[in-house]
1. How would 84, 92, 37, 79 rank on accessible area, largest to smallest, probe 1.4 Å?
2. Based on the Cβ-Cβ distance from residue 26 to residue 153, what FRET efficiency comes out when R0 is 22 Å, to the nearest 0.05?
3. Could you give log10 I(q)/I(0) at q = 0.10, 0.14, 0.15, 0.23 Å⁻¹ for the range 55-164, computed by the Debye formula over C-alpha point scatterers of equal weight, without solvent?
4. Tell me the trypsin sites (Lys or Arg not before Pro) within the range 54-163 that lie in a loop according to DSSP and have at most 16 other beta-carbon atoms within 10 Å.
5. Roughly speaking, to the nearest percent, how much of the range 56-118's 1.4 Å accessible area is carbon and sulfur?
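The values are calculated or read from the model by the stated rules, or taken from the named source; none is laboratory data. Note that the structure is a prediction, hence the values are computed from the model and not measured. Methodologically, a virtual Cβ is constructed for each residue, glycine included, from the backbone with ideal geometry; neighbour enumeration extends over all protein chains shown. Note: areas computed on protein heavy atoms with side chains; ligands, DNA, RNA excluded. Shrake-Rupley method; radii C 1.70, N 1.55, O 1.52, S 1.80 Å.
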Amino acid sequence: MECLMNEWIFISHSGKDKSLAVVICDYLSDVGLLSGEEFFCTSYGNLEIGDDDISSIFDHLDRSHVLVELVSASFLRSERCLMEVGYATARERYAKTYPEQHDPIRFFPLLVPPVRFTRVNEKLHGSRKTGIRLDSLAQCATVAKKLHRTLSDLGANLDEDRWKAHEGAFSRRCMDAVGQTKRTR
């Protein structure tokens with residue numbers, strides 16, 4: 001199955017969580033996805049100087065299959081992050097009503113402690129969404145596995161061995177970034 005959109009993943013995050021977003025972007029690059037072509041993240045240099053950032057963000061959200069949400073306390077306070085989730089939610093509803101015109105977006109919430117699922121569901125989605133709490137090396141490895149599975153289910157042609165080879169280093173860097181994020185609060 002060919003990707004009908006230019007990008008697989010949009011990474012929504014607070015600027016205060018840039019180090020964690022960059023760890024995820026580095027991992028995606030390490031496993032063979034190309035920044036700007038297959039994933040979008042404002043902290044990874046995907047916006048050019050002079051770009052209309054809101055229009056650019058909406059354009060990238062329209063082209064993405066998966067919305068990775070780095071849900072931290074800063075994310076929940078960020079108007080920009082809430083706008084991105086709101087836009088994606090509207091797109092998801094539109095796609096359910098007009099499936100021939102637009103593909104739905106898959107939400108991929110990653111919770112940065114001390115954020116809890118109940119807070120995410122009441123503030124962001126209004127319905128029960130499952131996600132992954134980034135509180136252990138095993139949970140960070142789960143991010144890699146589930147993201148690989150989600151993209152594969154959507155038709156992405158991925159090198160599974162390459163994903164597995166980088167999983168351990170990603171998990172360690174992820175936990176280091178989560179620890180750094182917690183210390184800067």
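1. Ranked from most to least accessible, the order is 79, 37, 92, 84.
2. That gives a FRET efficiency of 0.40.
3. The Debye formula, applied to the Cα set alone, gives -0.32, -0.62, -0.71, -1.36.
4. 116, 128, 129
5. In the range 56-118, the share of accessible area belonging to carbon and sulfur is 53 percent.
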